[in-house]
Each structure stands twice: as C-alpha cells, then as structure tokens.
Amino acid sequence: SQTIHQWPATLVQPVGSPLSLECTVEGTSNPNLYWYRQAAGRGLQLLFYSVGIGQISSEVPQNLSASRPQDRQFILSSKKLLLSDSGFYLCAWRGGLNTEAFFGQGTRLTVV
Amino acid sequence: KQEVTQIPAALSVPEGENLVLNCSFTDSAIYNLQWFRQDPGKGLTSLLLIQSSQREQTSGRLNASLDKSSGRSTLYIAASQPGDSATYLCAVGKGGSTLGRLYFGRGTQLTVWP
C-alpha cells in the first residue's frame, strides 16, 4: 500500500534562517506531488506541484522554493525565512487527475 | 477561478443526530470532488472521492452527493458520534493547465457532544 511521510512534525526557526522540509511517498511511482500551506483562519493554499522529476510549478510568488530530486521525493526550501512563512505545511500526492489525493501529517513551522 | 464555499463554518450537535455539511463551487468543469477530515494539528484524511460522472458515494455512516450542474455537494453523516468531531473539508479537483490541483473550502468545524 502507498504511504506518505513528511518531516519534521514541528519546527521553530529564527527569521532569516534556511528551511528544508521533506516529503517522500512509498508504494507508487510517478505520483503528482503537492505542497500546501494552511495558515490560521485561512484555507489551504497550494504552493507548488510537480508531475515529474525536476518539473516544478509554482502557484504563488513567495519566499519558498521546491525541488523534486527523485521520483517520490519532494522538498520545500527557503534560503531566508520570514515571519509570514509560519504555518502548517502539508505534502500530498495523487496518482492522476481522477484519483484520490492523500496527505501527509504536516509540519507545523513557527518562525520567531 | 474556482471558488469553494462550505456552510456552516461551525456546527455543534448532540450525539446521535444525523447531519448535513454543504459545499458549493463556482465552476462546474471539475474532474472530481473529495471530502476530507482534519483533526486538530493533523494532516487531512480522505473520506470520500466522487468522480464528476457520479452522483454519490457511501462509506459506512458517510454519504456524499454531487450535483455538478448546480455546483453543490453534501456530506451526510448518520448517527453522529463524539469521535466524528473534527473539521471537514471539501476539495474540487480540476485538470487542464492546473494539472490536478485541488481547490479547498475553508471547512466546517464539527463538534459532537455526548
């Protein structure tokens, strides 16, 4: 069966520090991968999606970047964190347009 | 742009009640609609997926319906239990240039009290 792993679960980082969040999927190949952010009192915002290795699309201009170095690995990064980057970050995958989406357990990022 | 709205934003009911959560979307050109559950501080758990060609899907005490032409979906929860307390999110899936992204509502926060 397929599983999705996301780590770390929580992270407290100072303003200006770098960020690296990792997401891996097991039990499937060539998944569509997504990074969402959920801010307090707001809905889920799509940040990045990827349909293959090295193929990244960004939904909104921001301080973050994403990479997909391997088929089932999706990384969210920042060179210098801002206070506004605080939030709950969720990784998701799906096999195709008509298939079910599955989410990881999320990373709670607090920038101080 | 696809807008997804969920009503009510919050709902508090006694155990045993049957209840309906509503989801509406502005663009009927969708591939599917998915209902999720989110417990506090946790990720999203998929409950039901309805394809655009389907009218409803059932899983245990949950039944989700889809009326694509009117841009509406409902999630029916039968005989609610305290363990059903969570935030319920609906998400609409679109393809084309958006490559399968999901558009989310803000959720309905459900509290079921004993």
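Table for the structure above
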{"quantity": "Residue B:54 versus residue B:67: modelled label distance in nm, points set 7 Å from Cα along the beta carbon direction", "calculated": "2.0 nm"}
{"quantity": "Test item: B:101-108 mean partner chain Cβ contacts at 10 Å", "calculated": "5"}
{"quantity": "Cβ-derived FRET efficiency at R0 35 Å, residue B:13 paired with residue A:60, nearest 0.05", "calculated": "0.45"}
{"quantity": "The stretch A:84-99 - phi-based ³J(HN,Hα) in whole Hz, Karplus 6.51/-1.76/1.60, Gly and Pro as x", "calculated": "6, 7, 4, x, 10, 9, 10, 9, 9, 9, 8, x, x, 4, 9, 9"}
{"quantity": "Percent RCO, i.e. relative contact order, over chain B, from Cα pairs under 8 Å lying at least 6 residues apart", "calculated": "36 percent"}
{"quantity": "Solvent-accessible area per residue, Å², over chain B with all protein chains present [probe radius 1.4 Å]", "calculated": "46 Å²"}
{"quantity": "Value of relative contact order over chain A, rounded to a whole percent, pairs C-alpha under 8 Å and six or more apart", "calculated": "36 percent"}
{"quantity": "Average other protein chain Cβ within 10 Å of Cβ, residues A:92-101", "calculated": "6"}
{"quantity": "Peptide ranges A:17-23, B:1-7 listed from the most packed, as the mean C-beta count within 10 angstrom indicates", "calculated": "A:17-23, B:1-7"}
{"quantity": "Number of partner chain Cβ atoms within 10 Å, mean per residue of A:34-46", "calculated": "3"}
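The values are calculated or read from the model by the stated rules, or taken from the named source; none is laboratory data. Owing to the predicted nature of the structure, the values given are computational and were not obtained by experimental measurement. Virtual Cβ from ideal backbone geometry, glycine too; neighbours counted across all protein chains shown. Surface areas here come from the heavy atoms of the whole protein model, side chains and all, with no ligands, DNA or RNA. Shrake-Rupley method; radii C 1.70, N 1.55, O 1.52, S 1.80 Å.
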